[in-house]
1. Does at least one position in region A:16-39 carry a residue that is touching a Ser or Thr at 6+ places or on another chain (Cβ under 9 Å), assigned to a loop (DSSP other than H, G, I, E, B), away from chain B (no Cβ under 14 Å) and surrounded by fewer than 16 Cβ atoms within 10 Å (Cβ to Cβ)?
2. When both residues are 6+ apart or on different chains and their Cβ atoms are under 7 Å apart, which pairs have a first residue that lies in region A:12-35 and is closer than 14 Å to A:Cys71 by Cα, and a second that is assigned to a loop (DSSP other than H, G, I, E, B) and of a type outside the set (A, V, I, L, M, F, W, C)?
3. Starting from residues that are within 21 Å of B:Glu29 (Cβ to Cβ) and part of a loop (DSSP other than H, G, I, E, B), keep the ones in region B:67-83 and report whichever is nearest to the other protein chains (Cβ to nearest Cβ).
4. For region B:255-325, please list each of the helices (runs of 4 or more DSSP H) lying entirely inside it that holds at least 1 residues being among the polar types (S, T, N, Q) and assigned by TED's automatic domain parsing to the domain that holds B:Gly124.
5. Report yes if B:Val53 is within 22 Å of the chain's Cα centre (by Cα), within 13 Å of chain A (Cβ to nearest Cβ), of a type in the set (Val, Ile, Thr) and crowded, with 24+ Cβ neighbours inside 10 Å, otherwise no.
6. Take region A:99-128 and flag every residue that is under 13 Å from A:Cys71 (Cα atoms) and either more than 7 Å from chain B (Cβ to nearest Cβ) or surrounded by fewer than 24 Cβ atoms within 10 Å (Cβ to Cβ) (or both).
7. Being free of Cβ contacts under 8 Å to residues at least 12 places away in the same chain and touching a Leu at 6+ places or on another chain (Cβ under 7 Å) is the filter here; which residues of region A:95-150 pass it?
8. Inspect region A:234-250 for any residue being under 20 Å from the mean Cα position of the chain (by Cα), within 30 Å of B:Gly106 (Cβ to Cβ) and at pLDDT 95 or above and give the result as yes or no.
Amino acid sequence: MKLSKKLKLRMLEQMLLTRYFEEKVDELFAKGLIHGTTHLSIGEEAMAAGPVNALKADDFMAITHRGHGSCIAKGADINIMMAELMGKETGYCKGKGGSIHVANLEEGNLGANGIVGGGIPIATGAALAQKMQNTGKIVLCFFGDGASNEGTFHESLNMASIWQLPIVYVCVNNMYGMSTCIDDVCPTNNISDRASAYQMEGITIDGNDVLEMFEVTNNAVIKARKGQGPTLIEGLTYRWKGHSKSDANLYRTREEIEEWKKKCPIKRFQTYLIEQKIMSEEEIKKMEESSLETIERAVEFAEQSPYPSLDALEEDLYAY
Amino acid sequence: MEEITYGQAVRDAMREELQRDENVFLMGEDIGVYGGAFGITFGMIDEFGPDRVRDTPISEAAIVGAGVGAAMVGMRPIVEIMFSDFLTLASDQIMNQAAKIHYMLGGKAKVPLVVRTPGGSGTGAAAQHSQSLEALFAHIPGLKVVMPSSPYDVKGLLKTAIRDDNPVVFFEHKLLYSKKGEVPDTDYTVPFGEAEIKRSGSDITVFATSIMVHRALEAAEQLANENISVEVIDPKTLVPLDTETIVKSVIKTGRLMIVQEACKRGGFASEVVAEVVESEAFGYLDAPITRVAGKNIPIPYSKKLEAAAVPQVEDIVKAVKEELLQ
């Protein structure tokens, strides 16, 4: 499949925005301007930009606690995201959700989830609704390697298969569920092998290759849209940072981390774009600079935004 | 008005809502041809088809979770959990997802989901099929919790639940399914948060839920022969709770007893006690408040033991008399 230049540029920009957004979040966290916790996906950017760009604007996705990149790829406003992380009233959830609950149904984003595997049945139900209402829309469901050991994963894949739901499951296999290596807690070679138990196609691919992530997801999306059922795609990737803010990286070696940094999905994609003469080095530099500016503007917007008023404390408990 | 059973009233409410709104559908284990473990959905698959009366795998977390997801994108699912004990298998989806989504997302998403489930003991089904777990769910902000006691109420409350934009945990009682009562043919709803004084009285207020409303009424009838006047209040919904009606009643009678089937410790009765002692009714109390509740044990199998584990009519009669002596 031949991808347009426009799409490739868009994917690179989203990956850069994600990288800079999260580096900034890391910095703001250290300064105490962002509190609580936050889960960074630095090193995994292709796993968001690739699959999400295979969706149409009105398709849905459910994401994980490490979901900043998917939000950005689905068209989230960076200012509003940053405001949410800073706990501001102007944030996506009016400051009530924080980093792990960024959602926007208007953009088809069913939300990140603080419970590992918690979003899988929700995405499956959203897909059931698409099928029942015959909308032609599909659902993309992200989860991590760790979540594939939750009951909800198995219950949901089974359900999606028997009902042939329009859903694509994308497993972001970054090798570790917090500190636990997936090899120690999963008996099959690949997580995608588990799809066969549900008579579902399962594919394992290089999660640091944004083009491959796009293409494989796109094929699965086309299949789902045709009513030919769900697919499980596993992307192999790696998170450079710790699980969350308290991680001392005791469970993996510096060498392993450095080895994966050499496989940076952004650098790899940039090299491809230059080699294929799709972008010049100068154009890339310009995009990097403008992306950095976007993040700076987002910080400014978030910093200038007010905190929620205490009057909002008990608001939005129930819908009326 | 026609007399129909509580079970029929549940079915009628669902049938009418499925006819009224194409976004409403049912999902659960064995609800299709089998008609559900208690026969409540019997025949509905013939009328509405297998898409809208959807049999599921035995996967409670995914059943409720799929309900949450479908609700978020515009459907109005009614999911049936075969026994309320099995809610525990879906507790993440109810407590961490459905309950919190609206608030956690700053009001951006709605979860119009009804989780229907039969609770209570009395069928010899023992410890894992007989519990009364309403307090667990009443404790979680964001849920509404309903416990209807009559055919009229169950139909009207279920319609309100289906039309509500929030997740509702709807506790039916197994022993009430065959109970008959008058139900009008017309489309009506029963509002949440409005308790009903099922029997007016002056000596003591008895607050009772679900099947205990009937036992309290029977006890009140017996006590009336001894010139004891009992007021029986049925809250109908625990969340939201109509404290005003309770407080007014206690101010009138000066005495309060709460009757619940659930085991005593940490039960909803304790919440009612707290509401009353924190209110202006406290100064009107002539005696300590009494909780008549299930024993703090799992429900046993053997008939005599099972009956002794939860309040019966005679327990209520005895407790009222003791309370009046204080």
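The values are calculated or read from the model by the stated rules, or taken from the named source; none is laboratory data. Note that the structure is predicted; figures quoted are calculated from it, not measured. For neighbour counting, all protein chains shown are included, and Cβ atoms are generated from backbone atoms with ideal geometry for every residue, glycine included.
1. yes
2. As it stands, the answer is A:Met15/A:Glu45; A:Thr18/A:Ser41; A:Thr18/A:Glu45; A:Arg19/A:Glu45; A:Glu22/A:Ser41, since those pairs meet every condition given.
3. B:Met75
4. Where helices (runs of 4 or more DSSP H) fall fully within region B:255-325, none carries at least 1 residues being among the polar types (S, T, N, Q) and assigned by TED's automatic domain parsing to the domain that holds B:Gly124.
5. For B:Val53, the condition - within 22 Å of the chain's Cα centre (by Cα), within 13 Å of chain A (Cβ to nearest Cβ), of a type in the set (Val, Ile, Thr) and crowded, with 24+ Cβ neighbours inside 10 Å - is not met.
6. A:Ser99, A:Ile100, A:His101, A:Val102, A:Asn104, A:Leu105, A:Glu106, A:Glu107, A:Gly108, A:Asn109, A:Ala112, A:Asn113
7. If the condition is that a residue be free of Cβ contacts under 8 Å to residues at least 12 places away in the same chain and touching a Leu at 6+ places or on another chain (Cβ under 7 Å), then A:Ala103 is the only one that fits.
8. yes
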